[in-house]
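The values are calculated or read from the model by the stated rules, or taken from the named source; none is laboratory data. In this text, all values refer to a predicted model and were calculated from it rather than measured experimentally. Because the Cβ atoms are built from the backbone with ideal geometry, glycine has one as well, and the counts that use them run over all protein chains shown. What goes into the accessible areas is simple: the full protein's heavy atoms, side chains included, and nothing from ligands, DNA or RNA. Shrake-Rupley method; radii C 1.70, N 1.55, O 1.52, S 1.80 Å.
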Amino acid sequence: MAHYKSEALYEVNRRLRKLHNLEDPLYDQKDSLQRRLKRVQKQRESETDPYMKDLLERWVREGQEELGKLHQVPIEQTPSSVPQTFFDETLERLLKKEIKNLKLVLSQQQNLILQFSYTKNTLNITMPDIHEHLKKWVFYEDQLTILKSLGFQLSASGNRLTLSLTGDKTEILSQVKVILCKIIFEIFALIGFRNESFLCYNEKPAKKSER
């Protein structure tokens, strides 16, 4: 049991670090520098040699200056470290109406699926089988509440969650990426999606050329 808890904690931390990097590409650099500063400060407090103490104080000052500069870099102007993924490309094709019936299977074993449809300039994201997920403890009422806070609405039957996004296509794509990050890295942080997630969709038939 202890081994399982340790692995689960590691997985949560790993996913949270990924989320931090999506929000701030300089997160790892800042975090590493802060950790190094703490070690040097602790060493400086216990140092008795005057020369070494002065040297450590200089390192602390330089580190604090470097950290301050990193914090001054506007996040929106930081080059993105997240390249366009196959999902991004596929979602763009859905918005261009080149494909239909797009599904993102988060976990085939848990039957955890997000369905995407695009009509009348509105992207609808649907999560079906809510009753089954609650019954089988795939997720709980607390997680359902968080999904609602993201904008998902429960159907009258209570068996389906739907989120509708409207606006510019670029804005919709950006919103979807943020929402998916929260779903995968926060709401379902302890569910292992590795080697289980995949996309499926139907190609729309090509329009016949006019003669």
(message) Need pairs with beta-carbon distance below 8 Å; first residue surrounded by 12 or more Cβ atoms within 10 Å (Cβ to Cβ) and within the range 33-51, second of a type in the set (Val, Ile, Thr) and in a helix (DSSP H, G or I); sequence gap 6+ or separate chains.
(response) Leu37/Val60; Val40/Val60; Gln41/Val60; Arg44/Val60
(message) Which of the numbered conditions does Trp59 fail, given that it passes all the others? Conditions: (1) hydrophobic (A, V, I, L, M, F, W, C); (2) surrounded by 15 or more Cβ atoms within 10 Å (Cβ to Cβ); (3) over 30 Å from Glu171 (Cα atoms); (4) modelled with pLDDT under 85.
(response) (4)
(request) Out of the residues in the range 123-156 that are assigned to a strand (DSSP E or B) and open to solvent by 30 Å² or more (accessible area, probe 1.4 Å), state the one that is nearest to Leu180 (Cα to Cα). (result) Asn124
(request) State whether one or more residues within the range 112-122 are closer than 29 Å to Pro205 by Cα and touching a His at 6+ places or on another chain (Cβ under 8 Å). (result) yes
